[in-house]
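Read-outs: derived from the displayed coordinates by stated rules, not from any lab. If you're wondering where the values come from, they're calculated on a predicted model, not measured in any experiment. Because the Cβ atoms are built from the backbone with ideal geometry, glycine has one as well, and the counts that use them run over all protein chains shown.
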Amino acid sequence: MIKHVKFASIPVKDSERARDFYIEKLGFTLHTDAPFGDGRRWIELSPPGAETRVVLFTPDGHEDRVGTFANVTFACDDVEATYNELLARGVVFTQPPTTQPWGTFAMFNDSEGNQFVMSSAFD
């Protein structure tokens, strides 16, 4: 049976810049950074303590996905506090924390222009 999501792929143009962003700005843990043919790299990271990872990799033919809305939502306990911490680290937010009946969320861009949602569950 399926146990969990192993990773979600995030398309990137500059793997070094993206790797540094996820480690330095978001505080992710690096698990793998290995050559993947044709000068590309396979980079797996995760939020501290998370089982699911993200892979910074763009498959051939998917280059047009870099810099678009990513179907990945990052969870945190306190959106306002995390927003303030990440903002201080230089993360660009496209939407500040907003409270809805289902919880609070904010939206940010990574170094490649990919847009993500960060939310808490049912405040």
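For the reader, a short list of remarks on this structure follows.
- Unit charges on C-beta of K, R, D, E only; dipole of the stretch 8-123, Debye: 120
- The chain: most fluctuating residue of 11, 59, 101 per GNM, C-alpha cutoff 10 Å: 101
- The chain: calculated mean residue ellipticity at 222 nm from DSSP helix runs of at least 4, using -39500 (n - 2.57): -3500 deg cm²/dmol
- The chain - percent relative contact order, Cα under 8 Å, separation 6 or more: 24
- In whole percents, the pair-distance distribution calculated for the stretch 7-123 from its alpha-carbon pairs, binned every 10 Å from zero, is 14, 46, 31, 8, 1.
- Highest average packing first - 33-42, 67-76, Cβ atoms within 10 Å: 67-76, 33-42
- Cα-based radius of gyration for the stretch 1-73, normalised by 2.2 N^0.38 Å, reads 1.09.
- Enclosed volume per residue, in Å³, of the convex hull spanned by Cα atoms of the stretch 72-123: 64
- Subtracting the Cα-Cα distance of residue 78 and residue 36 from their residue separation scaled by 0.36 nm leaves 11.5 nm.
- Pairwise FRET efficiency - residue 92 versus residue 9, Cβ, R0 = 25 Å, nearest 0.05: 0.70
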